[in-house]
Amino acid sequence: MNKLFSIAGITLCLLSPALAEGQDIGQFRIRKAEPSESEVALWGGVEDGRFKPTHAALFQWKAGADARLVRHGRHTSWTGSLSLEQAAGKHLGSSLFLEPGAFPMDLWDQTTGTASRQTGRMEVGLLRDVSDLWAAGFKASLKAANEVKQGSFRHSAFGVDALLEPTLTFLYDDDACFVSSYHVRLRTERAKAGQPGDGVPPVFLDEGMRYGTYEPSLGIFPVLELSHGFFGRYYSPELSGGFGITWKRGRAGEQDYSRFRAPGSTLKGFFEVPREGFEVDQVYRIAYQRDRDQLREARDGGYTALSDRVTRNAAFRFSLVPHKGTLKRAGVDLEGNLWRERGFVSVQDAVRMIGGTATLFASARFLWFDLDIRLSAGGGRWLDSGRSYGEDPVPRLAEEWRKDMDYRLLPRIGMGGTITYHPYFLEGFSFQFDTDWLRAFKNIHLGGRNRNVATLRVAYHF
């Protein structure tokens, strides 16, 4: 058995450098004893305040519905989910992309208006036993979104995000397994900013660090990104760990996506160790992620580098899990970020920044109520700023860049909580209220120090 374990473990590790996420389907093999579960829910919420990323709405409301189910059979486990969301908010200038920051280029609309967005998500996963030791399956998901911004002029965007992930599981013990998977992901967006002659004001094409060009007649701007990667994870009650890599290739601009190239990669890893105690268990978790994205533009028969960005994130969690009592979990999350960005649009500019956040959390249950509370503090600073705040001889949205930096680096505190009520007279129903408040200690360019979020959710479990 030990020999078989060693061969299988080495084989899976060689086949798949792995990420910690995306492995939930593979772990169904050791969770078949858990009860099947289903849930449908309706929810709605609001978000308000000027302490926000520049692309976010000044005020925004959201509402949606979702459904989720998990089923375990004798040899097959499967899961599915479906959700619909409607959001609307007032923007004082915003990105035309559905996911600002996901691509190394951006389209910036500087007009004021109200944006309305509809988002639909669907996911299905299946895992089936192949033998006593092996199981195979897959996860597939599809997300589609459409946004229209109404103001002085009408802008719109439509995008699709599709993922397919085959999974292979090796069962080492009744409660331990190796999970290995390969994934392919396709993301595409088409932003529309008017046609020539429509009188539409120029849209700013951000080519990195808010440097770029004004496009007077952009029309339709398509973006396509294809990524693939290998994933793997070992899970057991004593320890868990995983690592992996993803490669990305993006194209954008013109009808044939030939104006820009955007290569990139993501590397992730994590390690988690629980320690059992007589009355309280301890859990230690360390995670690391590195993302790199480049942007190149077609010039003189080739592609010239315009920008390069690297983000590193390290996280540590320590939590206590009492065996009994009202308190269910308490702990601390520590997170550090290192950003490095370089721009080469007519003039070289480089910046390095470091930031961090500490969050205290606790969960408790009493009578028919579940309570989660969060307290956080964070901030950052420049390691070197180059000429990022200096005079710019090329077009730049300097004020928007300053706002972005303030949101990343200003010292801030936050608090929030979630209370869930399970009424004894309505079996299966739950009512949940979630709220968060964030406040910065300074107000330099953002125009405000606060951000408030509140969400109400009604769910039925069966």
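The values are calculated or read from the model by the stated rules, or taken from the named source; none is laboratory data. Predicted model, so just to flag it, every value in this text is computed and none were measured. In this analysis, Cβ positions are derived from the backbone assuming ideal geometry, glycine residues included, and neighbour counts consider all displayed protein chains. Each accessible area value is taken on the protein alone, full model and side chains, heavy atoms only, with ligands, DNA and RNA left out. Shrake-Rupley method; radii C 1.70, N 1.55, O 1.52, S 1.80 Å.
Ignoring ligands, DNA and RNA, what accessible area per residue does segment 253-339 give at 1.4 Å, in Å²?
57
Loop-located trypsin sites (Lys or Arg not before Pro) in segment 400-462 (DSSP state other than H, G, I, E, B) with a sparse environment of at most 13 neighbouring Cβ atoms within 10 Å: Lys442.
A crude spin-label estimate for the pair Arg439 and Thr311, with each label 7 Å from Cα along the Cβ direction, gives 2.8 nm. Sorted on the mean count of surrounding Cβ atoms within 10 Å across their residues, most packed first, peptides 120-131, 168-179, 295-306 read 168-179, 120-131, 295-306. Within the accessible area of segment 55-193, the carbon and sulfur atoms contribute 60%, probe 1.4 Å, all protein chains present.
For Arg249 and Ala136, the FRET efficiency from 1/(1 + (r/R0)^6), where r spans their Cβ atoms and R0 equals 30 Å, is about 0.60.
Express in nm, to one decimal, how much length is gained between Val332 and Tyr424 on full extension, taking 0.36 nm for each residue of separation and deducting their alpha carbon distance.
29.9 nm
With the cut-off at under 20 Å, measuring from each backbone N in segment 299-339 to a point 7 Å along the Cα-to-Cβ line of Leu383 picks out 307-316, 334-339. The alpha carbons of segment 48-162 stretch over 62, 29, 26 Å along the principal axes, in descending order. In this Cβ point-charge picture (+1 for Lys and Arg, -1 for Asp and Glu), segment 334-462 has a dipole of about 320 debye about its Cα centre. Be a star and scan segment 261-304 for residues whose amide nitrogen sits under 12 Å from the point 7 Å along the Cα-to-Cβ vector of Leu320. 279-283, by backbone N distance to the label point.
Accessible area of segment 361-462 with a 1.4 Å probe: how many percent of it is carbon plus sulfur? Mind dumping the intermediate values first?
Values: 3510 of 5730 Å².
The C+S portion of the solvent-accessible surface of segment 361-462 is 61 percent.
If packing is taken as the average count of other Cβ atoms within 10 Å, what order do 368-378, 258-268 fall into, highest mean first?
Ranked by mean Cβ neighbours within 10 Å, highest first: 258-268, 368-378.
To the nearest 0.05, what FRET efficiency results for Arg449 and Asp173 with a Förster distance of 51 Å applied to their C-beta separation? Working from the Cβ atoms, E equals 0.45. In this structure, the pairs whose alpha-carbon distance is over 23 Å, taken from Lys139/Lys268; Lys403/Lys442; Lys62/Lys442, are Lys62/Lys442. A 1.4 Å probe run over segment 420-462, with the rest of the protein chains in place, finds 62 Å² accessible per residue.
Run the numbers on the chain and let me know its relative contact order in percent, using alpha-carbon pairs under 8 Å that are six or more apart. Provide the component values of the computation, followed by the final result.
Numbers: 1342 pairs, mean separation 61.4, N = 462.
13 percent.
Quotient of the Cα radius of gyration of the chain and 2.2 N^0.38 Å, N being its number of residues: 1.06. For segment 127-171, list residues with backbone N below 20 Å from a point placed 7 Å from the Cα of Thr114 toward its Cβ? Once the point is set 7 Å along Cα→Cβ of Thr114, 146-157 turn out to lie under 20 Å by backbone N, inside segment 127-171.
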